[in-house]
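Presented below is the structure to which this report refers.
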Amino acid sequence: MTPRPMVDKPMTDAELVVRVVAGDAGAFADLVARYHAACLRYAAHVLGDRMEAEDVVQETLLRAYRSLGRYQERQQFRPWLFRILVNRCRTAATRMGAQRLRTADAMDPDTVTARDGTAVLELRSRLVRAIAGLDEPHREAFLLKLGEGLEYEEIARITGASVSALKMRVKRARDQVRERWKELDDDGSR
Amino acid sequence: MDHDDRWDDQVRDAYRRPIAGEERAREQVIARLREEPAPRRSRWSGWWMDPDAIRMRPLLAVASLIMVLGIGAGAGAWWAASRGASIGSPRSTTVVARQTARGIGAFTGATAVTFVFRAPGASRVSLVGDFNGWNPEATPLRRATLGDTWIAEVPLERGLHAYAFVIDGSDWAPDPSAPLAAEASFGRRNSLVVVGEGGPL
């Protein structure tokens, strides 16, 4: 492996991509470290199944790695990676069909053992149930905007939808999820 | 901050809580990626040459490997004979590596390859490589009667294979008696072995 320069500033995604394509395969591990958690939480919330999400994320990162030599948009690694992820999630959701599980237990069973396990599970459970009623385009837009905090232009590149359509989807999804969130909150406080 | 913003923050907080098992899943991805050739174009390809594993002219690389393994064969045969060790599968007929301070090398036959590794003080040793998905659980070595020596016999396809040993589940080490890949894969140097058709190279 070529030694990496000792610098205070972390390498940009683009710099890491260049290193990978130049033969430093280990640089991709840095990109995996940077984006694996975000990919996993997105897939887990969209699919509602953590194990399925892990498979989808692995497949996504493998596809990204294999395609990196042909990848030209080096300044835009995150939307490029998420475009692959969103497509893999869509395929997995179709495959799972009616078997899709949308409970926090199926998504994150180990969390109950965490020190603040009760609160974590409760919050996540509420979110998963609140977004369960959204159709796929609205759930994608909602999670990428409110969850990941991406710009609309980025989400447009990822999903293929226009910015105006996405703004409408996020607004509708937000209203719906908020309503459901409040119902769940009321149920929980009774 | 208005009520809407507070609700957005609450949702984002719930969404961004770490997913249990994320670190383990990430390690699995890294392990799976180790099987992959580096994503760069190369005009060199073929069973006898992994263009991503070593940065040499291919014919020179194969010639070098044959020479190194050939030297090792003599030393390994001498060592095996002198220690009276009974190592190797029925199909493994040729010793191709030499003894070193830590490793004794790889004995290759046409299809069965015997990996021998010396690891003083180890409680378990396993073999990882492109042939088993770099999975430390897949190919454990058995402790030989010689004590510090660990052995595994693995059927391999012909061609160039990268491999390493894992000591006590966490310490990765290349085979000191085999040639090293010129480039590290995910920060680790791996060893190389060539398996030919009908006999070792």
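Computed from the coordinates by the stated procedures, all read-outs in this text should not be read as laboratory data. Note that the structure is a prediction, hence the values are computed from the model and not measured. For neighbour counting, all protein chains shown are included, and Cβ atoms are generated from backbone atoms with ideal geometry for every residue, glycine included.
A compact table of results
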{"read-out": "Ranked by how many other beta carbons lie within 10 Å on average, peptides A:150-163, B:117-130 from highest", "value": "B:117-130, A:150-163"}
{"read-out": "Using a Förster distance of 30 Å, the FRET efficiency for A:Thr94-A:Lys182 (Cβ separation, nearest 0.05)", "value": "0.45"}
{"read-out": "Approximate spin-label separation B:Arg158-B:Ile66, in nm, with each point projected 7 Å along Cα-to-Cβ", "value": "1.4"}
{"read-out": "Cross-link reach list, lysines versus A:Lys182, counting only Cα pairs under 29 Å and skipping chain neighbours closer than eight places", "value": "A:Lys145, A:Lys167, A:Lys171"}
{"read-out": "Electrostatic dipole magnitude of the stretch A:11-100 [Cβ: Lys, Arg +1; Asp, Glu -1; Cα centre; debye, to 20]", "value": "280"}
{"read-out": "Ordering of B:134-145, A:13-24 by burial proxy (mean other Cβ atoms within 10 Å per residue, highest first)", "value": "A:13-24, B:134-145"}
{"read-out": "Sequence ranges A:134-141, B:17-24, ranked by mean other-Cβ count within 10 angstrom, highest first", "value": "A:134-141, B:17-24"}
{"read-out": "Averaged over A:60-66, number of beta-carbon atoms from partner chains that fall within 10 Å", "value": "3"}
{"read-out": "Top positive-direction residue, dipole computed over the stretch A:11-100 with Cβ charges, set A:Phe28, A:Gln76, A:Asn87", "value": "A:Asn87"}
